[in-house]
Amino acid sequence: MTSKRSRPLVIAANRLPVTRADDGCWSASPGGLVRALLPTVRETGGCWVGWTGERNGESDVIHDEGIDLHPVPLSDRDVDLYYEGFSNDTLWPLYHDAIRESGYHQEEWEAYVEVNRRFALRIADIAPPDAAVWLHDYHLQLVPSMLREQREDVRIGWFNHIPFPPLELFQRIPWRSEIIRGLLGADVLGFQRRLGARNFAASAARLVGATEIGDDLVFHDGRNVIVGTFPISIDVAEFELLASGRAARQRTAQIRSRLGDPEVILLGVDRLDYTKGIGQRLRAFGQLLDSGRLDPERHVMVQVATPTREGVEQYQDERREIEQLVGEINGRHSRLGFPVVHYLYRSLPLDELIPLYRAGDVMLVTPFRDGMNLVAKEYVAAHVDHDGVLVLSEFTGAADEMDEALLVNPHDEQSLRDTIVRAVEMHRHERRPRMEALRARLGQRTVNDWANSFLDVLIGT
Ligand code: ADQ
């Protein structure tokens, strides 16, 4: 993204865009979002603030990717209470339709307040005059008002990567008004879907008496706050380029052959998170094999699950359940040398992920709730052959933009099974126009467009 923005751009997110390699050196974390933001940060003389991901890590500035990275150190206790506790055991499940019971613990809340204050002070300390500060995600909801108290010269934006829940759920949080007041310190609040923006405005009106002015503005405490919708996307060109190369084509053919050249490869790619509906999807596949609607000699499933939040008990339970299901299905339906479910518990590099997307005839994206879901978009971008069928949960942000997918309610087991069969049996004459329409729409809005649209509102040009 190249731009002539007038203000230096400071990004703050729970994590810095780097990880430490085995040799002790920092290397850039992959991902479209980081690549979309870095050039503007660099060109405007901005910087990035966040946690390194290491417990009791350092606070010395890291110079990488041509910018300054300012670590906010977290102790063991901070990680346990602020990160694994309030962020991932209270907010995460509640914001995803309360799919799991949230814990509400005073000491976790206090750690969340304390770490948010640490972020605000660090940003206030290092942000150049008149900077635009773009905060990311649910970990940092108190930073907007804390930062505003320190620095009146900066513009403050916040973007929520996950859903924002309806008032009926949000008001369960004992500290709900504090969170709303924290967010209302921003100039711009961004959401993936219109639904999230509306949910926030309704909570702000009800809980702290903010006034809704039109669709995209709320007024509180003498200030207007823009409440906008900015659906995130991916680096479409990069996926297309990598997917079109000879190496990807060869690897795709090799993957098919390794899987025994089945007629149809069904694919799931997710962080191993209980919001993603991995168990539901595996169960549906197993039942279809049990009933004979799918045939283990013709239909094979690959599920890749990235390790995530392994310290949180609910994630350990989810992993156990999924691995047991994989074992049961394979026990019933595999032949010697030919498992019917291929399960990988690891993160894959892009040059392996893309051929896998290409090899996937049917992509199963079935979360119970998801802010957007980039996997759905990556699958479509990788299908430069204009083939493949996307089965997509109605409860993802992506569903707003991907009408030509087979939309499904993952809570409806019968419908999930029927939709999988429909995808498996879909004729090429129907598959192709659907995929072409999906690809045409995806090409119109990349991750750079997403970043630019937010920054246009936050900073102007
Ligand atoms: P996530 O919950 O992480 O993101 P998603 O949008 O699907 O969900 O992004 C996952 C990313 O991880 C994708 O880029 C995918 O390629 C990658 N990934 C998944 N499994 C992988 C594997 N085994 N190996 C390598 N890479 C893997 C949160 C929200 C989403 C929102 C994004 C962006 O929960 O709703 O879309 O942020 O805003």
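Tell me the GluC sites (Glu not before Pro) within the range 16-63 that lie in a loop according to DSSP and have at most 16 other beta-carbon atoms within 10 Å. Those that pass, being in a loop and sparsely packed, are Glu54, Glu58. Annotation: Asp317 carries an accessible surface of approximately 70 Å², with a 1.4 Å probe and no ligand, DNA or RNA atoms counted. Protection proxy ranking, highest mean first, for peptides 359-366, 80-87, 320-327, 283-290: 359-366, 80-87, 283-290, 320-327, where packing is the per-residue count of other beta-carbon atoms within 10 Å, averaged. Note on exposure: Arg5, Arg431, Arg319 ranked by accessible area (1.4 Å probe, complete protein assembly) read Arg319, Arg431, Arg5, with the most exposed listed first. The value of relative contact order for the chain, using C-alpha pairs under 8 Å at least six residues apart, is 14 percent.
In the chain, the C-alpha radius of gyration followed by the widest Cα-Cα span (Dmax) gives 22.5, 70 angstrom.
Under a 5 Å amide H cut-off, with hydrogens placed 1.01 Å from N, Leu294 pairs with Leu289 among residues at least 5 apart or on other chains. For the range 401-446 and the range 257-327, what is the separation of their C-alpha centers, rounded to whole Å? Here the two parts' Cα centres lie 19 Å apart. Ligands, DNA and RNA left out, the 1.4 Å accessible surface of the range 180-229 is 49% carbon and sulfur atoms. Rolling a 1.4 angstrom probe over the range 83-140 with all protein chains present gives an accessible area of which 44% lies on carbon and sulfur atoms.
Ellipsoid semi-axes for the range 1-78, based on the Cα gyration tensor and the rule √(5λ), read 23, 13, 10 Å when sorted largest first.
Residues in the chain average 40 Å² of solvent-accessible surface per residue, probe 1.4 Å, ligands and nucleic acids excluded. For the range 123-193, trypsin sites (Lys or Arg not before Pro) meeting the loop criterion (DSSP other than H, G, I, E, B) and having at most 16 other Cβ atoms within 10 Å: Arg172. Mean residue ellipticity, 222 nm, helices only, the chain: the sum of -39500 (n - 2.57) across DSSP H runs of n ≥ 4, divided by residue count and rounded to 500, is -12500 deg cm²/dmol.
Ranked from largest to smallest solvent-accessible area, with a 1.4 Å probe on the protein heavy atoms, His161, His429 come out as His429, His161. Cys25 sits with roughly 70 Å² accessible to a 1.4 Å probe, with DNA, RNA and ligands left out of the calculation.
The distance linking the range 40-75 with the range 162-178 is 30 Å (Cα centroid to Cα centroid, whole angstrom).
Based on C-alpha pairs under 8 angstrom that are at least 6 apart in sequence, the range 379-440 has a relative contact order of 42 percent. Near Val408, the amide H atoms lying under 5 Å from its own belong to Leu392, Ser393, Glu394; only residues 5 or more places off or on other chains count, and H is placed 1.01 Å from N. Entry note, the range 1-138: relative contact order of 29 percent, from Cα contacts under 8 Å with a spacing of 6+ residues. Rolling a 1.4 angstrom probe over the range 4-49 with all protein chains present gives an accessible area of which 54% lies on carbon and sulfur atoms. The share of C-alpha pairs in the range 89-155 whose separation exceeds 13 Å stands at 66 percent.
Among the GluC sites (Glu not before Pro) within the range 210-314, those in coil by DSSP and having at most 13 neighbouring Cβ atoms inside 10 Å are Glu263, Glu297, Glu310.
Counting only protein chain heavy atoms and rolling a 1.4 Å probe, the accessible areas of Phe368, Phe159 rank, largest first, as Phe368, Phe159. Rg and Dmax of the range 29-127, both derived from C-alpha coordinates alone, stand at 15.5, 44 Å. Each label was represented as a point 7 Å from its Cα along the Cα-to-Cβ direction; for Arg206 and Gln171 these points are 0.4 nm apart.
The values are calculated or read from the model by the stated rules, or taken from the named source; none is laboratory data. Every value quoted in this text rests on a predicted model; they were computed, and no experiment measured them. Using ideal geometry, Cβ is built from the backbone for each residue, glycine included, and neighbour counts are taken over all protein chains shown. Ligands, DNA and RNA are stripped out before the accessible areas are found, and what is left, the full protein with its side chains, is counted by its heavy atoms. Shrake-Rupley method; radii C 1.70, N 1.55, O 1.52, S 1.80 Å.
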